[in-house]
1. Check every DSSP H run in the chain and write down those whose alpha carbon atoms cover 18 angstrom or more along the long axis and whose mean Kyte-Doolittle hydropathy is 0.0 or greater.
2. At 7 Å along the Cα-to-beta-carbon direction for both residue 45 and residue 156, put a label point, then send me their distance in nm to one decimal.
3. Starting with the fewest neighbours, write out 36, 199 ranked by other beta-carbon atoms found within 10 Å of each beta-carbon.
4. Taking the highest mean first, how do the peptides 90-96, 3-9 order by number of other beta carbon atoms within 10 angstrom per residue?
5. Find, to one decimal place in angstroms, the Kirkwood hydrodynamic radius of segment 1-57, where the mean of 1/r is taken over every pair of different Cα atoms and then inverted.
6. Hand me the tally of lysine pairs in the chain: alpha carbons under 28 angstrom apart, and the pair either on different chains or 8 or more positions apart.
7. How high is the relative contact order of the chain, in percent, counting Cα pairs under 8 Å that sit 6 or more residues apart?
8. I'm spelling it out carefully: the read-out is Rg/Rh (Cα atoms, Kirkwood Rh), the candidates are (i) 0.97; (ii) 1.07; (iii) 0.99, and one was derived from this structure. Which label?
Amino acid sequence: MFDAVKDVIAVGALQFFEDLLWEWTGVIERAVRVWYQDEVPWWYNERASLSLFAGAIWKAGGIAFEEFSSERENLPSKDLTEVVLQKGRIDLYFSYRGVDFVAEAKQCWPRVGRRAQSAQAEVENALQQAVAAVQTAQEVYGQRLAIVFASPSFPKAELQETRACLTKWQQAIAGVACDCKALYWLPECPWAQDDGAIYPGGAVFIKQVTAR
């Protein structure tokens, strides 16, 4: 019933995230099966996408803690180097295979139709925002990660060209520089549409971030 296209890439120091990201594709597919022709899990906001990723962490044997209050590091101005702690919130803190991580997430909705041009740039812009956000998280939580959830779309009029749209999306994904990427694309999902656009799947991008 679900002939989905799935792919995972994990390299460098985060290569051990490969199993976790395959678990993420499994969480997505389970939601699709349960919500068949009613809902899809990838076209909501950042908070909803983060909950699915946290679910994958738990299923992969990790521990995840979402959306909590914490003091964040802030530089009052470019001329001052002393860090000031300010009240804020952390998107995600998790432990996986004995390593602690703190992450900030962003959501984007790139277009991958015939005339669309900026899918890669939209993901990269969201990734830069996530990088800037997680750099203010305190190091005590562990290694910093920037995460972007992307929900691509194309015009309903191009439903018969879903293969070309997928290829365009895969090319955009390949161009994004980060440590981990995962893709879930469901070609046969005409019910996943809004305002004349089809939303065939989701993707996640993860980048390890160093301190400022």
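1. Working: long enough: 18-34 (24 Å, 0.04); 46-59 (20 Å, 0.39); 119-134 (23 Å, 0.39); 162-175 (20 Å, -0.14).
What comes out of the filter, once short or polar helices are dropped, is 18-34, 46-59, 119-134.
2. Going from the residue 45 label point to the residue 156 one covers 2.5 nm.
3. On the way: 36 13, 199 18.
The most exposed by this proxy come first: 36, 199.
4. Details: 90-96: 20.4, 3-9: 15.6.
The most tightly packed comes first, giving 90-96, 3-9.
5. Values: mean 1/r = 0.0812 Å⁻¹.
In segment 1-57 this quantity evaluates to 12.3 Å.
6. Close lysine pairs found across the chain: 23.
7. Working: 425 pairs, mean separation 52.2, N = 212.
After rounding, I find 25 percent.
8. (iii)
Rule-based calculations on the coordinates, nothing more; no lab input. Source: prediction; values computed, not measured. Don't worry about glycine lacking a Cβ; one is built from the backbone with ideal geometry, like all the others, and counts go over all protein chains shown.
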